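> Structure provided below as structure tokens; questions to follow.
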Amino acid sequence: MSMQEEIIAALGVRPSIDVEAEVRKRVDFLKAYVLEAGAKGLLIAISGGVDSAAAAGLCKRATDELTAEEGKEYITLGVFQPYGEQEDIGHSYEVAGAFDLTYRVETNIEEAVNEIALEVEHSLKSIGQHRHITRQGKGNVKARTRMVMQYALAFENNLLVVGTDHASEAITGFYTKWGDGAVDIAPLTSLNKRQVRQLAAYLGVPADIVTKVPTAGLWPGQTDEAELGITYDENSDYLEGKTVSPGAAKKLESLYRRTAHKRNVIPGI
């Protein structure tokens, strides 16, 4: 078995999907887990990108169906988490409007992140490192601060935190460990980026968000493809078993090996 075949099998990606069937399967998956956990619904952080938009659409369908079937209200709480001024925050609200999310809240993380970064710099100084926190380090603090806020809100409302990770992120490890990678349930796994877009369009995500250039939003001007050095089309082609350039295949396989610790269970004795 080739490395490409091993990765595809490990991540469970299929070369093509029946979008309607996938939506049904993933909505049922969310519903069953909410009932099993005795939760009152789902919390989804809506960044303004296509992944969280697709997940929000699945969540809203799941909680609406549970409310109708169980005779009591189940909710989807949409959380918007800008750092200071977020240029595309309107897209988060656009998604909430598209899915008629009654429950929504905006929590600005700037002050909390800056306080943590300042404490990190004080600690570095105490061990002789007189410097600012790195851009990547502060980006990780942003992701983990968002996670802390999500779990605090989820705890207070007995909700499950929903993740947006999918196979195109899993193969590259393009998420923050214990940040956006820390969730209770992940309904997009086994889909590549192309397939996530297909689900998003089917669910009714606004077209400008479906086709939007992906970014983790950890610093100004960041884009996923520029940071990774590979396009999502190449990434999706690889995960569908198609032939890609040797350079793209080598890059993806190298990232997959290097980020194995993010996908594996925490090692112990």
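> Helix-derived [θ] at 222 nm for the chain: sum -39500 (n - 2.57) over DSSP H runs of at least 4, divide by residue count, nearest 500?
Details: 13 runs with 148 residues, N = 269.
Helix-only estimate at 222 nm: -17000 deg cm²/dmol.
> For every other residue with a beta carbon closer than 11 angstrom to the beta carbon of Thr102, add +1 if it is Lys or Arg and -1 if Asp or Glu, then tell me the sum.
Working: positive: Lys60, Arg104; negative: Asp64, Glu73, Asp100.
Overall, the nearby charge balance is -1.
> How big is Rg to Rh over region 197-267, alpha-carbon atoms, Rh as the Kirkwood inverse-mean-distance radius? It would help to have the intermediate numbers written out before the result.
Working: Rg = 14.7 Å, Rh = 14.3 Å.
Across region 197-267, the Cα-based Rg/Rh ratio is 1.03.
> Can you give me the accessible area per residue for region 133-269, using a 1.4 Å probe, in Å²?
47 Å²
> What percent does the relative contact order of region 195-269 come to when contacts are Cα pairs within less than 8 Å and at least six residues apart?
Details: 28 pairs, mean separation 10.0, N = 75.
Averaging sequence separation for qualifying contacts and normalising by length gives 13 percent for region 195-269.
> Please report, as a whole percent, how much of the solvent-accessible surface of region 1-114 comes from carbon and sulfur atoms (probe radius 1.4 Å). Display every interim value, and only then the final one.
Numbers: 2630 of 5400 Å².
Answer for region 1-114 is 49 percent, counting heavy atoms of protein chains only.
> Any idea what the dipole of region 98-231 comes to, in debye rounded to 20, about its Cα centre with Lys/Arg Cβ at +1 and Asp/Glu Cβ at -1? Walk me through the numbers on the way to the answer.
Values: 13 positive and 16 negative charges, 72 e Å.
Taking the Cα centre of region 98-231 as origin, the dipole is about 340 debye.
> Same structure again: Fully extended, how many nm does the chain gain between Arg104 and Ala32 (0.36 nm per residue separation, minus their Cα-Cα distance)?
Working: separation 72, 0.36 × 72 = 25.92 nm, distance 2.32 nm.
So the extension gain works out to 23.6 nm.
> If a/c stays under 1.5 just call it rounded; otherwise compare a/b with b/c (prolate if a/b is bigger, oblate if not). Do that for region 1-145, with a ≥ b ≥ c from the square roots of the Cα gyration tensor eigenvalues.
Working: a/c = 2.34, a/b = 1.48, b/c = 1.58.
Judged from the Cα gyration tensor, region 1-145 comes out oblate (a/c at least 1.5, b/c at or above a/b).
> Could you give log10 I(q)/I(0) at q = 0.14, 0.24, 0.29 Å⁻¹ for region 125-192, computed by the Debye formula over C-alpha point scatterers of equal weight, without solvent?
-0.54, -1.03, -1.21
> Mean projection of the alpha-carbon convex hull of region 110-269 over all orientations, in nm²? Each step should come with its number before you reach the end.
Working: hull surface 52.2 nm².
Over every viewing direction, the Cα hull of region 110-269 projects on average to 13.1 nm².
> Also, I was wondering about something else. At 1.4 Å probe radius, can you tell me the per residue accessible area of region 1-127 in Å²? Don't skip to the answer; put the middle values down first.
Numbers: 6360 Å² over 127 residues.
Spelled out: the 1.4 Å probe surface of region 1-127, per residue, equals 50 Å².
> Can you tell me the dipole magnitude for the chain around its Cα centre, using point charges on the Cβ only (Lys, Arg +1; Asp, Glu -1), in Debye to the nearest 20? Working shown, then result.
Numbers: 29 positive and 38 negative charges, 165 e Å.
Roughly 800 debye for the chain.
> Of all alpha-carbon pairs in region 1-79, indicate the percentage at a distance above 19 angstrom. Walk me through the numbers on the way to the answer.
Values: 1465 of 3081 pairs.
Result for the distance tail: 48 percent.
> What list of ³J(HN,Hα) values in whole Hz, one per residue of region 138-146 in order, does the Karplus curve 6.51 cos²θ - 1.76 cosθ + 1.60 (θ = phi - 60°) give from phi, with Gly and Pro shown as x?
5, x, 5, 4, 4, 4, 6, 5, 4
> Among Gly48, Gly71, Gly90, which residue has its Cα furthest toward the positive end of the charge dipole of region 1-95, with +1 on Lys/Arg Cβ and -1 on Asp/Glu Cβ?
Gly71
> Please sort 118-124, 153-159, 186-192, 42-48 by packing, taking for each peptide the average over its residues of neighbouring beta carbons within 10 angstrom, highest first.
Details: 118-124: 12.6, 153-159: 15.7, 186-192: 23.3, 42-48: 26.3.
Ranking the peptides 118-124, 153-159, 186-192, 42-48 by packing returns 42-48, 186-192, 153-159, 118-124.
> Charges on Cβ only, +1 for Lys and Arg, -1 for Asp and Glu, centred on the Cα centroid of region 154-242; of Ala226, Asn158, Ala207, which one is farthest towards the dipole's positive end?
So the residue we want is Ala207.
> Give me the distance between the Cα centres of region 159-235 and region 58-86, rounded to whole Å.
When both Cα centres are located, 19 Å separates them.
> Related question: Work out Dmax and Rg for the chain from the C-alpha atoms and quote the Rg first, both in angstrom.
18.9, 61
> In addition: Quick one: with all protein chains in place, what share of the accessible area of region 136-184 is carbon or sulfur, to the nearest percent (1.4 Å probe)?
For region 136-184, the apolar C and S fraction of the accessible surface comes to 57 percent.
> Another question, then. Starting from the Cα gyration tensor of region 117-157, multiply each eigenvalue by 5, take the square root, and state the resulting semi-axes largest first in whole Å. Present the calculation step by step, with values, prior to reporting the outcome.
Working: eigenvalues 157, 24, 5 Å².
After diagonalising the Cα gyration tensor, the semi-axes are 28, 11, 5 Å.
The values are calculated or read from the model by the stated rules, or taken from the named source; none is laboratory data. Just so it is clear, the model here is predicted, and its values are computed rather than measured. Glycine gets a Cβ as well: all are built from the backbone with ideal geometry, and neighbour counts include every protein chain shown. Each accessible area value is taken on the protein alone, full model and side chains, heavy atoms only, with ligands, DNA and RNA left out. Shrake-Rupley method; radii C 1.70, N 1.55, O 1.52, S 1.80 Å.
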